[in-house]
1. What residue, of A:585, A:563, is surrounded by 14 or more Cβ atoms within 10 Å (Cβ to Cβ) and either within 14 Å of chain B (Cβ to nearest Cβ) or over 34 Å from the mean Cα position of the chain (by Cα) (or both)?
2. From the list A:649, A:640, A:614, exactly one residue is away from every other protein chain (no Cβ under 13 Å) and touching a residue at least 60 places away in the same chain (Cβ under 8 Å). Which is it?
3. Specify the residue that is modelled with the highest pLDDT; the eligible residues are those in segment B:5-49 that are closer than 24 Å to residue A:629 by Cβ and of a type in the set (Asp, Glu).
4. Could you please let me know if residue A:439 is more than 14 Å from every other protein chain (Cβ to nearest Cβ), touching a helix residue (DSSP H, G or I) at 6+ places or on another chain (Cβ under 8 Å) and part of a loop (DSSP other than H, G, I, E, B)?
5. Restricting to segment A:576-602, give me the number of residues that are aliphatic (A, V, I, L, M) and more than 11 Å from residue A:537 (Cα to Cα).
6. State whether the residues of segment B:78-91 include one that is of a type in the set (D, E, K, R), surrounded by 15 or more Cβ atoms within 10 Å (Cβ to Cβ), part of a strand (DSSP E or B) and within 7 Å of chain A (Cβ to nearest Cβ).
7. Does residue B:72 satisfy being under 28 Å from residue A:640 (Cβ atoms), at pLDDT 90 or above and surrounded by fewer than 17 Cβ atoms within 10 Å (Cβ to Cβ)?
Amino acid sequence: MTTATIQTDSDFFAEILEDYYAECDEHLTAVRENLLSLESGIGQKKADYALVDDLFRRFHSLKGMSGMVGYEEVAEVAHHLESYLRLLRKEQVTLTAKAYDGLLVGARALEISLVARRQQQQPQNNDSVIALLETMGSAREAASAPGPAADPMALSENVREQLTAAVAAGQRIWQFEFEPSPELAAKGVNVNFIREQFASIGQLIHGAPNVTDTGGISFLFLVASKFTEGQVAEWAGSYLTYQPYETAVSAPPETIHDNGRAPIPETAIATPQTNYVRVDLNRLDDLMQMVGELVIHRARLEDRLDGLRAILPKNQWRALKEINQAIERDLRDLREGVMRTRMVPIGETFARMKFVVRDLVRQSGKQARLEISGQNTEIDKLVVEKMMDPLLHIVRNAISHGLQLPETRQAQGKPAQGTIWLRAKTEGDVVIIQIEDDGQGINADKVAQRGREAGLLLDNEPVTPERILDIICAPGLSTKDEADMAAGRGVGMNVVRQTVEQLGGVMRLDYRPGQGTCFTIELPLTLAIADALIVTVSGQRFAIPQAAVREVLEVDETAVTRFENNEILRHRDAVVPLLRLNRAFCLPPANGRAFALIIGNGLQTAGLVVDRILGLREIVVRAITDPLIRVPGISGATELGDGRAVLILDGAELVVMRNGKRET
Amino acid sequence: MSDNQKPDTYILFELAETNYAVNSQDVQQLEMVDEFTPVPNAPDFVEGVVFLRGQVIPVINLRARFRFEKRPFDQRTRLVVIRDTERVVGFIVDTAREFVTIPAEAIQLPPESVAGMSGRYLDGIATLGNRMILLLNVAEVLKAAEEIELEEIEIEKEGVVS
């Protein structure tokens, strides 16, 4: 809503938002955990104080943070949740099942609203959720209190701690306001400039965008400084307005500071020490890209070395070769190391399944509990994200199709409550995830029958679990009406399998009639991931690692000089030899525009000519191992989500191919 | 059947009006024929590559490989995915529908007259009812596939010399 007016400061705003989403994620993860634990407190006179208190604080933080970035629909829901928990915390109400559901609905609404915001969709309309929350306890009364939701200076606890610490260290806190304008921007005075300037007077602790009374945008900053008011006035000049900021005022009413003393900065020191740092995934990708470039440089070095073999004394050449090999080994380790920093524990994903199970159990009239093990197993961040939906699907299937109704189970001598096990573990280079249920298993005869009808199973072919898996994962085949709400949502088993395989993993199936079903998914611990340009040559798609491409330019055929078999493109002050990929690959020429991907350096420069650039994609690189398809210029293959293989171009090798052609 | 012997079950497929069989142990799966990604500068009997179970595997057009006339794919065309030790490759065949048991006594060695070039691809010839079935030696077909280019070059050379 406000983003359009602050384009000049969009970088700063984007940065704030990144932090905001990351923090919201952390809070919501904890909220989910806590809510599940809170369920046992339904109907109890006294709910678990620690849980309630933690939930209260987290909703409070979510409210403040969301107000700060102007996401009112999030802030308001958080506000109502907070209000109810305040009552609960003071034991003015008892947690009822209805209220508990309300909390779940509210938490879910927060999650959905944040996803919508993150994906830059229309802000979620949470009116109905809010109406529901208002009916809980006497939340209405609490809601009339001025909520800091609209206050851009609503502060997270972390910031508050920093402020108290600064005050304790004898500094004063000043609030500055900066209103950007095109005139100032022309002089180079924008919000980032201002941010940098604060370093000269003290420490910038907090910054937030603010909507001014006139509807414009300004930025508010809290700065801890040893400057006197006079010094601040002089320093602030004409760009900034300022006022002293009282820390005690900003503290939430719940904070204990009743004995007249300013809160001692103990909290700042007592910040729990963890060994974790939060890193933007993009930075890791940058590192990965640099590693990729190093790999390419080393390959070139090796080429050069091989060329020198005849010229250099044998022992010297061998010494160089050994160094080169050492670099190769180190690069492999470095790559591995960077990949490992992308790993996150799978526990959070598993925790979400608890919610799914809870929801489904409610809708289906079945009884189920979730047994989780190995939640600390670490797995690549991208893999976790991609596997979320497939895991959800299998868990949903387990409840919808696997587990029977309590009566049926009891009649079969099983406990009325079914169990679903979610397990994860690492074995060597593989992460193994298992989803098992103690339901009715799979009706292999029925599935086989459908498989035979569809021609997926041969006449007389024995029915094995692998074949059953093939059949249930075949597109368009399902053994039960998937129209029921749970299983019909999201992805089918064919997408589950496709995702697993796209990530380089494999799936296995085990079942015993009447006893249960178990899916085992094996995924590689680390992935070879690269950003790649997707291009077409004579209509066929190819991928080329972005790291290998220095520049992309449209080929102006009039600027191409031809002599003998060579084509040279004038570009800037240099000339670039062209390699037309359709010729190199014996594909028919395409009419229309052509683009050159400039790869390599110096004498090794070349322009690969392609027809179209389709875009930039993150790809999972698969090696091509079979000798029948190991051809020069192709380093591997990937898949872009449609199940079709796309070949990956090997820039360095193509340059060599080009040069080889020139020599003959 | 001893431990290191293969089972006596086979998957039957048809190629140019002839019945072939591959041992069921060597077959990883059967697939409908979808689109393949052509690989530039690969041998001409390699139709392309395909993603299967997370692996990039070559697809061999068995008609082209055995120098039969190629024909367009249809509803009956199948991709027989073969696993030979570490390698996985796909064979395109005209059709594959049957899973049969061929007892060892029904299998004869290929007669001397089909030995040589094509003989080495066969493990034997079986008679089942009134059908004659050629038992394919998968390992040899694959091994030879790599050598074929070399062979072709040599044949060309011989042609020049004679």
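1. Result: A:585 is the single residue among A:585, A:563 that is surrounded by 14 or more Cβ atoms within 10 Å (Cβ to Cβ) and either within 14 Å of chain B (Cβ to nearest Cβ) or over 34 Å from the mean Cα position of the chain (by Cα) (or both).
2. Details: A:649 fails: away from every other protein chain (no Cβ under 13 Å); A:640 fails: away from every other protein chain (no Cβ under 13 Å).
So the residue among A:649, A:640, A:614 that is away from every other protein chain (no Cβ under 13 Å) and touching a residue at least 60 places away in the same chain (Cβ under 8 Å) is A:614.
3. If we take residues in segment B:5-49 being closer than 24 Å to residue A:629 by Cβ and of a type in the set (Asp, Glu), then B:47 is modelled with the highest pLDDT.
4. yes
5. At the first step, the residues of segment A:576-602 found to be aliphatic (A, V, I, L, M) are A:576, A:578-579, A:581, A:584, A:587, A:590, A:594, A:596-599.
Narrowing the set further to residues that are more than 11 Å from residue A:537 (Cα to Cα) leaves A:576, A:578-579, A:596-599.
Of the residues in that region, 7 qualify.
6. yes
7. Working: under 28 Å from residue A:640 (Cβ atoms): yes; at pLDDT 90 or above: yes; surrounded by fewer than 17 Cβ atoms within 10 Å (Cβ to Cβ): yes.
Spelling it out, residue B:72 is indeed under 28 Å from residue A:640 (Cβ atoms), at pLDDT 90 or above and surrounded by fewer than 17 Cβ atoms within 10 Å (Cβ to Cβ).
So that you can scan it fast, the table gives a plain yes or no per residue for (1) at pLDDT 85 or above; (2) among the hydrophobic types (A, V, I, L, M, F, W, C):
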residue	(1), (2)
A:4	no, yes
A:9	no, no
A:17	no, yes
A:55	yes, yes
A:59	yes, yes
A:63	yes, no
A:80	yes, no
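The values are calculated or read from the model by the stated rules, or taken from the named source; none is laboratory data. Just so we're clear, the structure is a prediction, and the values are computed from it rather than from any experiment. Cβ atoms come from the backbone with ideal geometry, glycine included; neighbour counts cover every protein chain shown.
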